[in-house]
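Every number here is computed from the coordinates shown, using simple stated rules; none is lab data. Fair warning: this is a prediction, and the values are worked out from it, not measured in the lab. Cβ sites come from the backbone with ideal geometry, for glycine too, and all protein chains shown count toward neighbours.
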Amino acid sequence: MKHLYLIKLFLITLMFAAFSNAFAADKYCQSGSHAKTYDIHIFGNTYKDANSKRQMAQGLTDLFSNIAIGDRVKVYNHNATGYNLSMDQCVPGCPESTFMENLLSTSCSSEVAKRDRKTFNTRFAQATMGEINRDNSSYDIFKSIQDLNDVYKGSRTNNVVAVAISMIPDGINPTDPNAFNKFYATNVPNLKLALDFPPVCTVGTSPSSEVMKFWREVFALQNVKFDFKPCNKD
């Protein structure tokens with residue numbers, strides 16, 4: 001009986017913790033036209049070498065710095081078998097107010113918000129960098145692009161869609177034009193991509209001119225609209 005009681009107590013504790021986390025996540029959400037929702041898609045398996053991983057980390061840092069208090073952040077982790085929503089939370093913080101408003105307000109505690117923001121920052125780092133390619137596993141860059149499409153399946157959204165993806169085909173030197181030519185000749189002529197996703201901005205995509213040239217040719221052949229506009233760039 002004692003064991004049964006402890007099990008029940010443990011389950012109740014878990015339920016209370018889940019409720020508390022959900023409340024903490026939702027109470028900071030802002031409404032109205034100024035509020036944004038960020039769909040951040042992470043293709044961590046496309047980052048193998050140290051340089052590309054640094055580019056990814058810097059791109060995510062730049063993106064994160066422009067996300068405001070009250071904005072909703074949804075992080076999708078993609079891998080070889082599909083994707084999962086690993087984070088869906090609003091950025092903690094109290095809205096700007098005067099000194100007297102802070103004294104009278106009971107809706108937002110700055111100290112609690114600071115604590116929740118630290119937890120949020122840690123969760124964001126884990127969600128975005130936790131599945132980066134560490135074991136040199138192979139990947140299919142075309143499948144990654146298709147998987148991004150399959151999240152939306154032609155539906156429109158007003159969310160900011162940010163995609164962290166290297167855009168480098170597996171095993172290709174991003175500065176070697178001959179490698180791209182061979183890869184193109186082998187893989188692209190019979191390629192079938194069905195893409196219709198919302199406008200996206202990119203995070204940590206290889207800046208190599210050979211990478212850009214390759215994908216412009218691929219997307220032109222497939223009649224796909226996809227630019228390489230980095231997030232936070234006009």
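Loop-located trypsin sites (Lys or Arg not before Pro) in the stretch 201-234 (DSSP state not H, G, I, E or B) with no more than 13 neighbouring Cβ atoms inside 10 Å: 225, 233.
Length available on full extension from residue 58 to residue 229: 0.36 nm per residue minus the Cα-Cα distance, which gives 60.0 nm. Only aspartates and glutamates eight or more places from residue 48 in sequence, or on another chain, were considered; those with a Cα closer than 12 Å are 131, 135, 170.
Across the stretch 219-229, rounded Karplus estimates of 3J(HN,Hα) from the backbone phi angles (6.51 cos²θ - 1.76 cosθ + 1.60, θ = phi - 60°) give 5, 5, 5, 8, 6, 10, 8, 7, 9, 10, 5 Hz, Gly and Pro being marked x. Against the empirical 2.2 N^0.38 Å (N residues), the stretch 171-234 has a Cα radius of gyration ratio of 1.18. Taking other C-beta atoms within 10 angstrom as a stand-in for reagent exposure, 123, 134 fall in the order 134, 123, fewest first. Stretched out straight at 0.36 nm per residue, the stretch from residue 129 to residue 193 would grow longer than its current Cα-Cα span by 20.3 nm. Between the beta carbons of residue 222 and residue 153, assuming R0 = 25 Å, the FRET efficiency works out to 0.90 to the nearest 0.05.
Residues whose amide H falls under 5 Å from that of residue 163, counting only those 5 or more places apart or on a different chain, are 41, 201, 202, 203, with hydrogens built in the peptide plane. Quick one: Cα centre-to-centre distance for the stretch 166-234 and the stretch 55-97, in angstrom? Their Cα centres are 24 Å away from one another. Each Lys or Arg adds one and each Asp or Glu subtracts one; over the other residues with Cβ under 9 Å from the Cβ of residue 37, this totals +1. 3J(HN,Hα) couplings calculated from phi for the stretch 48-59 with the Karplus curve 6.51 cos²θ - 1.76 cosθ + 1.60 (θ = phi - 60°) are, in sequence order, 9, 7, 4, 5, 5, 5, 5, 4, 5, 4, 5, x Hz; Gly and Pro show x.
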